[in-house]
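Participant: Below is one structure. I have some questions about it.
The values are calculated or read from the model by the stated rules, or taken from the named source; none is laboratory data. These numbers come from a predicted model, not from an experiment. Using ideal geometry, Cβ is built from the backbone for each residue, glycine included, and neighbour counts are taken over all protein chains shown.
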Amino acid sequence: MQRLLASLVLLGAVGASAAWLVTAPQPLPADVVAQAPGDAQRGARILHVGGCASCHAAKGAKGADRLKLGGGAVLATAFGAFQPPNISPSPDGIAGWSLADFDNAMRRGISPDGRHYYPAFPYTSYARMTAGDVADLFAYLGTLPAVAGEPAAGAIKFPFNIRRGIGLWKRLYLDTGPVARLPATAPAQVRAGQYLVEGPGHCGECHTPRDIFGGLDRARWLQGAPDAEGKGRVPGILPARLKWSAAEIADYLKTGFTPDYDSVGGSMVEVQANMAQLPEADRTAIAAYLKAVTP
């Protein structure tokens with residue numbers, strides 16, 4: 001009996017150690033993490049592509065206030081309520097972060113103190129970004145107004161509040177490879193759109209359905225999904241659902257008006273406001289990708 005108990009204790013210890021290793025944060029390798037200082041002017045574009053103000057600025061912020069990124073409205077989901085943090089260059093935000101800290105947050109979902117971030121922060125998409133774009137964004141954030149104060153923490157439901165378990169979730173869903181399979185002959189414009197949509201633009205985070213663990217169902221990429229906050233449904237944006245031409249898609253992202261003279265609504269209002277700030281070439285590339293990709 002004593003040998004049996006000892007064996008069970010040993011097996012338990014081995015299992016616990018294995019689980020601890022499997023769920024450990026995995027920072028970016030030294031030869032991959034961003035090192036060269038970024039360009040703040042280029043970083044403004046990345047901020048608009050990523051829609052940072054939509055989550056990290058105060059709800060309803062307009063004009064210059066959209067660049068005060070002290071933390072926005074709570075995102076209420078089936079897994080709990082997630083509070084966007086302060087990402088302004090203040091001591092309550094990211095003022096003390098290094099570029100490597102920021103890159104690991106963006107592309108690996110790891111905080112400077114080595115904890116997993118919840119994937120309400122769409123790092124599973126940002127994982128496809130280049131180190132240069134991450135560095136540019138970090139440089140631009142450093143030029144924005146410093147906002148004092150830390151937003152109150154969200155309320156995450158059990159068992160999702162066991163943050164260490166996200167390490168296992170990341171092994172299932174954190175993938176740096178492209179989602180859509182484009183032909184080798186795909187034009188450069190389509191590939192540029194793929195990068196923007198699948199990476200910093202993180203369009204799939206809303207337009208793609210999720211499985212029971214909250215990961216994107218890539219087999220139904222961009223085919224529409226329930227709204228994360230339970231407010232209706234986010235439409236599919238593949239050619240089978242979205243019958244607009246590439247020019248009409250690009251114009252919608254610029255003006256907010258559909259081909260039949262309706263206007264943008266719901267959560268897309270924020271997205272379109274960000275897209276309107278982009279160079280015309282980016283909106284055209286996004287439209288080209290959406291017309292080229294297939295289920």
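Participant: Filter segment 62-116 for residues that are assigned to a loop (DSSP other than H, G, I, E, B), of a type in the set (A, V, I, L, M) and in contact with a Leu (Cβ under 8 Å, 6 or more places away or on another chain) and give the result.
Facilitator: Leu69, Ile87, Ile94
Participant: Report yes if some residue within segment 61-82 is among the aromatic types (Phe, Trp, Tyr), surrounded by fewer than 22 Cβ atoms within 10 Å (Cβ to Cβ) and over 23 Å from Asp136 (Cα atoms); otherwise report no.
Facilitator: yes
Participant: Let me ask another. Scanning segment 150-192 for residues that are of a type in the set (Val, Ile, Thr) and touching a residue at least 12 places away in the same chain (Cβ under 8 Å), which turns out nearest to Ala58 (Cα to Cα)?
Facilitator: Among those that are of a type in the set (Val, Ile, Thr) and touching a residue at least 12 places away in the same chain (Cβ under 8 Å), it is Ile156.
Participant: Would it be correct to say that Thr176 is in a loop (DSSP other than H, G, I, E, B), at pLDDT below 95 and either more than 25 Å from Arg42 (Cβ to Cβ) or in contact with an Asp or Glu (Cβ under 8 Å, 6 or more places away or on another chain) (or both)?
Facilitator: It is false that Thr176 is in a loop (DSSP other than H, G, I, E, B), at pLDDT below 95 and either more than 25 Å from Arg42 (Cβ to Cβ) or in contact with an Asp or Glu (Cβ under 8 Å, 6 or more places away or on another chain) (or both).
Participant: May I pose another question? Restricting the search to segment 136-172, which residues are closer than 28 Å to Arg218 by Cβ and surrounded by 17 or more Cβ atoms within 10 Å (Cβ to Cβ)?
Facilitator: Scanning segment 136-172 gives Asp136, Leu137, Gly154, Ile156, Phe160, Ile166, Gly167, Trp169, Lys170.
Participant: Please determine whether any residue of segment 15-35 is within 17 Å of the chain's Cα centre (by Cα) and not in a loop (DSSP other than H, G, I, E, B).
Facilitator: Among the residues of segment 15-35, not one is within 17 Å of the chain's Cα centre (by Cα) and not in a loop (DSSP other than H, G, I, E, B), which makes the answer no.
Participant: Could you identify the single residue in Ala287, Ala247 that is touching a residue at least 24 places away in the same chain (Cβ under 8 Å), of a type in the set (A, V, I, L, M) and surrounded by fewer than 18 Cβ atoms within 10 Å (Cβ to Cβ)?
Facilitator: Ala247
Participant: Provide a single number: the residues in segment 240-284 that are assigned to a helix (DSSP H, G or I) and under 23 Å from the mean Cα position of the chain (by Cα).
Facilitator: 18
Participant: I would also like to ask the following. Given the criterion surrounded by fewer than 19 Cβ atoms within 10 Å (Cβ to Cβ), over 27 Å from Ala76 (Cβ atoms) and in contact (Cβ under 8 Å) with a residue 40 or more places away in the chain, identify the matching residue among Pro259, Pro279.
Facilitator: The unique qualifying residue is Pro279.
Participant: Need the failing condition index for Ser54 against (1) modelled with pLDDT of 85 or more; (2) farther than 19 Å from Asp282 by Cβ; (3) among the polar types (S, T, N, Q), just the number.
Facilitator: Going through (1) modelled with pLDDT of 85 or more; (2) farther than 19 Å from Asp282 by Cβ; (3) among the polar types (S, T, N, Q) one by one, Ser54 breaks only (2).
Participant: For segment 210-229, which residues satisfy the criterion of being of a type outside the set (Gly, Ala, Ser), crowded, with 19+ Cβ neighbours inside 10 Å and assigned to a loop (DSSP other than H, G, I, E, B)?
Facilitator: Once the filter is applied, which keeps residues that are of a type outside the set (Gly, Ala, Ser), crowded, with 19+ Cβ neighbours inside 10 Å and assigned to a loop (DSSP other than H, G, I, E, B), segment 210-229 yields Trp221, Leu222.
Participant: I'd like to know if segment 192-208 contains one or more residues that are at pLDDT 95 or above, among the polar types (S, T, N, Q) and either in contact with a Pro (Cβ under 8 Å, 6 or more places away or on another chain) or surrounded by fewer than 16 Cβ atoms within 10 Å (Cβ to Cβ) (or both).
Facilitator: Scanning segment 192-208, I find at least one residue that is at pLDDT 95 or above, among the polar types (S, T, N, Q) and either in contact with a Pro (Cβ under 8 Å, 6 or more places away or on another chain) or surrounded by fewer than 16 Cβ atoms within 10 Å (Cβ to Cβ) (or both), so the answer is yes.
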